[in-house]
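So the structure is just underneath, and the comments pick up after that.
The values are calculated or read from the model by the stated rules, or taken from the named source; none is laboratory data. Since the structure is predicted, the reported quantities are computational estimates derived from the model, not experimental observations. Glycine gets a Cβ as well: all are built from the backbone with ideal geometry, and neighbour counts include every protein chain shown.
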Amino acid sequence: MNQTVLTAQQLSVGYRAGRGAPAVVLRDLNLTLHSGALVCLIGQNGAGKSTLMRTLAAVQRPLAGAVFIGSEDVHQLPIKRLARLISVVLTERAQTSLLSAYEVTALGRLPHTDWTGRLSETDRAVVDWALQAVGAQALAARPISELSDGERQKVMIARALAQETPLIFLDEPTAFLDLPRRVEVMALLRRLAHRTGRAILLSTHDLDLALRSADRIWLLDGNGALQAGAPEDLVLSGAFARTFASEGVAFDASSGTFKLCAEVRGALAVQGDGLRAFWTRRALERVGFVVREQMSAPFCVQVTHDSWQWQGVRYGSLEALVAALLNASADLA
Amino acid sequence: MATHSEAQVWQSARLALRLGRRSIVLTALLVAVCGMFCLVLAVGSVSVPLEDVLRALLGQATSQPAYATIVTQFRMPRALTALLAGAALAVGGVQMQTLFRNPLTDPFVLGVSAGASLGVALVVLAVGTTGASVLVGIGLLGDFGLAAAASFGAAAMLLIVLSFAQRTQSILTLLIVGLMLGYAVSALVSLLLYFSIPERIQAYINWTFGSFGGVTWRQLPILAPLIGVGLALSFALIKPLNALLLGEAYAQSMGINLRRARLGIILSTALLAGAVTAFCGPIGFLGIAVPHLSRILLRTADHRALLPTAMLLGALVAMLADLIAQVPGRQIILPLNAITALIGAPVVALIVIRQRRLRDAFNA
């Protein structure tokens, strides 16, 4: 476990367009990927996430530097050898749906089978294992057209597992999924990395999820640099906040989430604890109040087990409370 | 856990059913092709009893000596040609539909038949105006004249398309270039038609009707190996074809050399479609319909099952169309292309309307 699988040395990625100087997207990267670790690549649109992934996967040549798996330079490897080292999950949808989930997963065995693509006993065992590993064994006989987006993504991950490569690259695997499915897929990938010892690199826009799931994060700052580290280190160093600072949205290091910067209407305190107090704070913050620990009585909201009290008036719902606060916000400011 | 294992049993049963379906479909088609072959030999302007057909096939004496001649000399080459052409066009169609990920492509999408048409048009239509040189050429080639001209045209088109395929990255570009070349060549044919005399135009139009009847025992040794090589090449490409079902990027990630796979598929299809067009004329419809029918029968796009199925079904449909075109018991022969389209088009339309899976197959 945790051996170095891939290293990138002095890697610059970008595009050569015509005769002019190449457009460098990222420069002088020194990176490593370890077995059994889940790495999330994050950064704003256009920061170079897919260019970097494509270069690491040897789909695209680097402008400078090299990528090694073991002692082999991936850009010098024959495509057949590469297929045994790196498998991918792409955003591109499979066109045909006249294939069952089993058949799609079995396609992952292509680099291992003879010219007819016939599956041996071993191949079948690997396909069964891969489907089981993602919890999709019950879907095996279903055509992929009949699967939901989440189920289909699981099958595509099973296909990558069946390819039996030490590295798996995923391009925004959570992009088209609803929230519960995103959490599920991310948890699955994390489990797979830890249990199967594969090095998994994925790009994502789900910052919150990446912070909670990744063993390491590669953060692209949008100016050609990449910062790598444990998610929490990147939060504490302020790298996260700097990268995603933009108008109207701010990264709140204390909660690890992004906040909409609404117009500040004043400060309030919330008295009470538990779930009800937590969501009361969220509601107040949402409409633009700063929530403090201690405030004098007129600026204090009391949370009881079935209602809210503010300036002696009881409110039956947060909606009613917020409406009252907004009405009085001129006095509260 | 109980429901778990239950689900697994259910799943393996479904998987077994899918695999079982493949062998059932293939066996049924094989039997049907053999039966149809005998039927084509028996039925025509003169009916030959099936018993005599089998005797003639085995080289035994028939009840009437003429039967043996009719079966072996006239009907057999025709039936074999239909068999080969049907198989070739169906397999070519499968390959193009997979390569271009488009349900509406057929083996002629790369302009191969247009090239062949131009070759034929040049020979048939321009003979009267360009003088003796071409005539001498045809004379030398004897009954290979039209086939040679068509092959020449198809091969020229193939070389052009292949050189484009070498240069372009995008498969869509290739598709559009193929289509445009086809239009340009058809326009040249129109010009030739415009300046030609009615008798020659009629001769050209007869060629465009398509026919399996023009191939003799002398020509089969050329047609059969060409189609054999095309089919063999196609079967050698099963892995790349299957990988392409997930798209080019996935195929590449699974170790498929895209450039080589693409060239192989184009070469194989051009060989199949070119050979058929050269000897039988441009036979439409089979190449687009049979792949779809095969997928519906199999319920899978796996080329390991799809290629043999399309091959057999193509042969079957081609022989059936030929049988109908000959109007059993009558002396007339209808244009083959009219039959394939008239009967086939409504059938396919009906099936497509009823089959959601087929539309799903291409996410249409």
Would you confirm, using the coordinates I've provided, whether B:Met76 is in contact with a Ser or Thr (Cβ under 7 Å, 6 or more places away or on another chain) and either in a helix (DSSP H, G or I) or crowded, with 20+ Cβ neighbours inside 10 Å (or both)? no
Conditions (1) in contact with a Pro (Cβ under 9 Å, 6 or more places away or on another chain); (2) touching a residue at least 60 places away in the same chain (Cβ under 8 Å): number failed by A:Ala101: (2)
I'd like to know if the range B:43-51 contains one or more residues that are at pLDDT 85 or above and either within 14 Å of another protein chain (Cβ to nearest Cβ) or not in a loop (DSSP other than H, G, I, E, B) (or both). yes
For B:Ala187, indicate whether it is surrounded by fewer than 17 Cβ atoms within 10 Å (Cβ to Cβ) and in contact (Cβ under 8 Å) with a residue 12 or more places away in the chain. no
Being more than 11 Å from A:Val270 (Cβ to Cβ) and surrounded by 13 or more Cβ atoms within 10 Å (Cβ to Cβ) is the filter here; which residues of the range A:291-308 pass it? A:Ser307
Scanning the range B:195-209 for residues that are among the aromatic types (Phe, Trp, Tyr) and part of a helix (DSSP H, G or I), the one modelled with the highest pLDDT turns out to be B:Phe209
Among residues belonging to the range A:117-150 that are away from chain B (no Cβ under 14 Å) and touching a residue at least 40 places away in the same chain (Cβ under 8 Å), point out the one that is surrounded by the fewest Cβ atoms within 10 Å (Cβ to Cβ). A:Ala133
Please state which one of B:Leu172, B:Leu179, B:Leu192 is among the aliphatic types (A, V, I, L, M), assigned to a helix (DSSP H, G or I) and farther than 28 Å from B:Thr340 by Cβ. B:Leu172
Just the residues that are under 26 Å from the mean Cα position of the chain (by Cα) and not aliphatic (A, V, I, L, M), please, taken from the range A:61-80. A:Arg61, A:Pro62, A:Phe68
Restricting attention to helices (runs of 4 or more DSSP H) lying wholly within the range B:248-321, give those where 3 or more residues are over 20 Å from B:Cys34 (Cβ atoms) and touching a residue at least 60 places away in the same chain (Cβ under 8 Å). B:258-280, B:286-298
Go through the range B:279-297 and give me each residue that's within 11 Å of the chain's Cα centre (by Cα) and among the aromatic types (Phe, Trp, Tyr). B:Phe285
Go through the range B:210-247 and give me each residue that's buried (at least 23 other Cβ atoms within 10 Å of the Cβ), part of a helix (DSSP H, G or I) and without any contact (Cβ under 8 Å) to a residue 40 or more places away in the chain. B:Lys239, B:Pro240, B:Ala243
Boolean, B:Phe108 is more than 14 Å from every other protein chain (Cβ to nearest Cβ), within 21 Å of B:Ala325 (Cβ to Cβ) and modelled with pLDDT under 85: yes
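Using the structure shown, decide if B:Ala349 is small (Gly, Ala, Ser), surrounded by fewer than 19 Cβ atoms within 10 Å (Cβ to Cβ), over 24 Å from B:Gly182 (Cα atoms) and out of contact with any Phe, Trp or Tyr (no Cβ under 7 Å at 6 or more places or on another chain).
Numbers: small (Gly, Ala, Ser): yes; surrounded by fewer than 19 Cβ atoms within 10 Å (Cβ to Cβ): yes; over 24 Å from B:Gly182 (Cα atoms): yes; out of contact with any Phe, Trp or Tyr (no Cβ under 7 Å at 6 or more places or on another chain): yes.
The answer is yes for B:Ala349.
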Among A:Ala106, A:Ala83, which is more than 7 Å from every other protein chain (Cβ to nearest Cβ) and under 27 Å from the mean Cα position of the chain (by Cα)? A:Ala106
Counted residues in the range B:123-147 being farther than 23 Å from B:Phe195 by Cβ and either surrounded by 14 or more Cβ atoms within 10 Å (Cβ to Cβ) or modelled with pLDDT of 80 or more (or both) come to 3
